[in-house]
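This report refers to the structure that appears directly beneath it.
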Amino acid sequence: MKIDIVSVFPEYFEVMNLSLMGKAQAKGLLEIKAHNLRDWTHDVHHSVDDTPVGGGAGMVMKPEVWSECLDELLGFSRPSAATANTDTETATDAVDTSDPGDPAAPNSSALSGTPVLIFPNPSAPLFTQRDATELSHADHLLFGCGRYEGYDARIPDYYRSQGVDVREYSIGDYVLNGGEVAVSVMLEAITRLMPGFMGNPDSIVEESYTGEGALLEHRQYTKPAVWRGISVPEVLLSGNHGKVDRFRRDEALTRTNEIRPDLIEALDCKALDKADRKTLMALGWEVSATHPRKLDR
Ligand code: 6GU
């Protein structure tokens, strides 16, 4: 997988050379390149932002610098020299009127050909494990990190109109100073799902948020069996795999009920076994409809 990241702080991504991500790069599984957006500026101050049209606080990242950079990284050629400065003209000519849903449009089959272009944005839909799984099959990702009050909204619109698979994602309900941290979060979630990335791929299967019936994971213990007077749950020492599995499943249901009841509500009742139903009913859920429903008491 090839990964390009554009940022005004490309040094931030030196952390990608550490740990499993570094190993994956050494193995040739991943190739990560961080680019400095200011390399595509032409003015002496290398400015990348301007005041918001319509007023308001802060600064907004300018579309012309981003488009020069993204055109190059996407391998899009633009008219040059004779027709230079088209970026700042009244842009009726820049709008592609082709149907974005046209199956013959460039890259309509997502995740192959041109890169998936991803912009971190606190006002976008949440990035989930489902997105990470989907993007782990891509062969080229291109991340554009915004700073300040964000980037000009025409940037993603324009590349979408050109047939590029453009995504905008938030990583949670809080505000960061820029997209860099969000990109490193998304990249870690995506790359660890690539075949060959993890030493033990089994460890991915049982994790929280994996698959349809997503539950928070059961708690984990290692040896010694008694530490500072605290014992591990007896059943885990029993050697009875059926009982161990049931204990863990019930713990996952119980913890998810307490911490993330929204995940219980999203379960498919048909996929629950008899013991699951019994546990959920004891926790106050009604499990005979399509999804569990909390009974008020
Ligand atoms: Cl993707 N960007 C910024 N700046 N803040 C965030 C975020 C992204 N997701 C949550 N907060």
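The values are calculated or read from the model by the stated rules, or taken from the named source; none is laboratory data. Just so you know, these numbers come straight off a predicted model, no measurement behind them. We place every Cβ from the backbone using ideal geometry, glycine too, and count neighbours over all the protein chains shown. Accessible surface is based on the protein model in full, side chains and every heavy atom, while ligands, DNA and RNA are left aside. Shrake-Rupley method; radii C 1.70, N 1.55, O 1.52, S 1.80 Å.
Structural remarks
- Translational diffusion of the chain, µm² s⁻¹ [Kirkwood Rh, Cα pairs; Stokes-Einstein; 25 °C; 0.890 mPa s]: 108 µm²/s
- Estimated [θ] at 222 nm from DSSP helical runs (n ≥ 4, -39500 (n - 2.57)) normalised by residues in the chain, nearest 500: -8000 deg cm²/dmol
- Against the main long axis of the alpha-carbon atoms of the chain, helix 180-191 sits at an angle near 60°.
- Solvent-accessible ranking of Tyr158, Tyr148, largest area first, probe 1.4 Å: Tyr148, Tyr158
- On a per residue basis, the chain carries 59 Å² of accessible surface, using protein heavy atoms and a 1.4 Å probe.
- Legend: translational diffusion of the stretch 226-294 by Stokes-Einstein, Rh = Kirkwood radius over C-alpha pairs, 25 °C, 0.890 mPa s; D = 186 µm²/s.
- Portion, in percent, of the accessible area of the chain that falls on carbon or sulfur, probe 1.4 Å: 54 percent
- FRET efficiency for the pair His46 and Ile204, taken as 1/(1 + (r/R0)^6) with r the Cβ-Cβ distance and R0 = 45 Å, rounds to 0.60.
- Taking the Cα centre of the chain as reference, the dipole from Cβ charges on Lys and Arg (+1) and Asp and Glu (-1) amounts to some 1840 debye.
- For the stretch 254-297: Kirkwood Rh in Å [reciprocal of mean 1/r, alpha carbons]: 10.2 Å
- Computed accessible area, Ile3, all protein chains, 1.4 angstrom probe, square angstrom: 0 Å²
- Comparing mean-square fluctuations of Lys223, Lys62, Lys27 from a GNM of the chain with C-alpha springs under 10 Å, the top value falls on Lys223.
- Between Tyr221 and Lys274, the contour length at 0.36 nm per residue exceeds the alpha carbon distance by 16.4 nm.
- Candidates Thr191, Thr128, Thr51: whichever shows maximal mean-square fluctuation once the chain is modelled as a Gaussian network with Cα springs under 10 Å: Thr51
- Rounded to the nearest 10 square angstrom, Val226 shows an accessible area of 90 square angstrom against a 1.4 Å probe.
- Helix 241-259 vs. the chain, principal-axis angle (Cα, 0 to 90°, nearest 10): 60 degrees
- With contacts taken as Cα pairs under 8 Å at a separation of at least 6 residues, the chain carries a relative contact order of 15 percent.
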